[in-house]
1. Assuming a viscosity of 1.002 mPa s and a temperature of 20 °C, what translational diffusion coefficient in µm² per second does Stokes-Einstein assign to the range B:75-185, Rh being the Kirkwood radius over Cα pairs?
2. Apply the Kirkwood formula to the range B:162-235: the hydrodynamic radius equals the inverse of the mean of 1/r over all pairs of different alpha-carbon atoms; give it in Å with one decimal.
3. Tell me whether the range B:223-287 comes out rounded, prolate or oblate; compute the Cα gyration tensor, take square roots of the eigenvalues as a ≥ b ≥ c, and use a/c under 1.5 as the rounded threshold.
4. With unit charges on the beta carbons (Lys and Arg positive, Asp and Glu negative) and the dipole taken about the Cα centre of the range A:138-236, which residue among A:Pro179, A:Ala230, A:Asn153 sits farthest to the positive side?
5. Please compute the average number of Cβ atoms from other chains found within 10 Å of each residue's Cβ in peptide B:179-192.
6. Counting pairs of alpha carbon atoms under 8 Å apart in space and at least six apart in sequence, what relative contact order in percent does the range B:108-170 give?
7. Considering chain B as a Gaussian network with a 10 Å cut-off on Cα pairs, which listed residue, B:Leu13, B:Leu197, B:Leu61, attains the greatest mean-square fluctuation?
8. What Kirkwood hydrodynamic radius, in Å, does the range B:1-127 give when the mean of 1/r is taken over all pairs of distinct Cα atoms and then inverted?
Amino acid sequence: MPDPLLSLSALDAHYGDFQALYGVDMTLMQGEVLAIIGANGAGKTTLMRSISGLSQNAPNQITYINQPIGALRADQVAGLGIALVPEGRQLFPSLSVEENLLIGERMGRKGPWSLQAVFDLFPILEERRAVASTSLSGGQQQMVAIGRALMANPDLILFDEISLGLAPVIIKSIYDALPGIVGSGMSAMIVEQDISKALSVSDRLYCLQEGRVALEGASQGVSREAISAAYFGVGS
Amino acid sequence: MDWVNAVVQGTLLGGLYALFAAGLSLIFGIMRLVNIAHGDLIVLGSYLGLVVVTATGMHPLVALIVAVPVMAVLGYVLQRGILNQTLGDDLLPPLLVTFGLSVIIQNALLEGFTADPQKMNAGAIETASVSVGGLQLGVLPLLTFAIAVGVIAALQWMFYNTALGRAFRAVSDNQEIAQLMGLNRRHVFGLAMGLALAVTAIAGIFLGIRTSFDPAAGAGRLIYGFEAVIIGGLGNLWGTLAGGVILGVSQTLGAKIDPGYQILAGHIAFLVVLAVRPQGLFPRVSG
Ligand SMILES: Nc1ncnc2c1ncn2[C@@H]1O[C@H](COP(=O)(O)OP(=O)(O)OP(=O)(O)O)[C@@H](O)[C@H]1O
Ligand SMILES: [Mg+2]
């Protein structure tokens, strides 16, 4: 078996005295798409923050291409090719749409993604490139947040709740764009509340419950009953 | 005509105040740091100019070539070495640390140069003047004003048209997300302070040519700088220039009424703006 692209071993995370993750083990192979599901407060965002370097961990709790990255800062992790599309989009309000995208390019990593490639993926952004990012609709803002992460040409992209608060038609257009993103060999981790969406786009899934992995398995192989048990903590 | 003259002279004086204020405005805008040592750093710039002029015999304006990069490097080191450690949700630590820095700079200057007032000699340019529409305008105040406008235009351009400016705005908007974009905020803050102290060096040299200075001169410059920033509106560099001009004009008009009112009139103008428009005249319209 080849080495995983990313592996977490006994990952803990804390906010002050409060522990949000307990000994999480996880692996992600090159080119794989993982779905991370779990109820509100299960620790999904915390997991994303730990991997991307926004919260610090012990070096060996997170390994990326056989390199311990748990203690690196977020800008260092970004330089290694991990990008995060954060929960709630979090665009830079003082930057225009185009500038929000260009700032993603700072890492100078080579790859297929460029301003033009993002505009080809989401044509509406080209029309609105000069406006303030705050004047976009929620769906358009999400497209900018995705484009901004892609501009870094990452090897691994993390999506935290990309469909949260968006209209169904927008969600569909964003999910329609997904194969074009991960099809190029990019690996991905997708946090998603909508379980059928999560299952349909992913190879494997992990379900978190109160900071622990409650279930893992192939997305096509797990039963709905097993998922609801892991999700709500019933029957276990 | 006397009143017109007072307004024009005050406007030119405002250029110097805008130079005092630009660095403050920049670092507050980018990292919400209120730098109590800013006035002392201006005076440090004056002394640095003096040392260069004395050692090399350069003209003080030529000494900018040395003083500006030296202050810029000092700014970067100061930010990375000390000030970054104080930044966080609490506003108090940076205030206390820069206050301490202010005391340290004043005492170091006192040790090194005594309390005697010093001045840089810029030669004929100090007294030269040109006649414009019946007004006698000093070449030095004109030059100071032109440099102030140039500095602010350059900073403004950098802010909105370069990758560095984009990085400054991004870090100012959201430090965590900027970090995700590969921007190390500690480095970006260092660059911001370096840039601010480069401007401070310019301010210090024009100050040192215009008037005499001593190690305790910083407090007054800090007040004028603060007032210009607040009058103009936080985070708006052109507003800072306008704030400097309003301050300068108030002072010359005050002096016109009674020479004793010069300083007071400036502070009154500041208080009036603060009372009527606490957000300043031209606050940044955040998008
Ligand atoms: N900044 C914080 N300080 C303290 N506790 C926090 C903080 N952020 C999250 N938590 C707590 O950590 C736990 C995990 O939160 P997290 O945001 O990771 O959950 P989540 O799975 O992303 O939830 P959601 O579906 O609501 O986004 C929750 O109990 C939450 O209350
Ligand atoms: Mg979350």
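The values are calculated or read from the model by the stated rules, or taken from the named source; none is laboratory data. Keep in mind that this is a model prediction, so the values were computed, not measured. Reconstructed Cβ throughout: ideal geometry from the backbone, glycine too, with neighbour counts over all protein chains shown. The area values use the complete protein model at the heavy-atom level, side chains included, leaving out ligands, DNA and RNA. Shrake-Rupley method; radii C 1.70, N 1.55, O 1.52, S 1.80 Å.
1. Estimated diffusion coefficient is 115 µm²/s.
2. For the range B:162-235, the Kirkwood estimate is 14.6 Å.
3. Here the range B:223-287 falls in the prolate category.
4. Farthest along the dipole direction, towards plus: A:Pro179.
5. Mean shielding count: 6.
6. 15
7. B:Leu61
8. After inverting the pairwise mean of 1/r, the radius is 16.7 Å.
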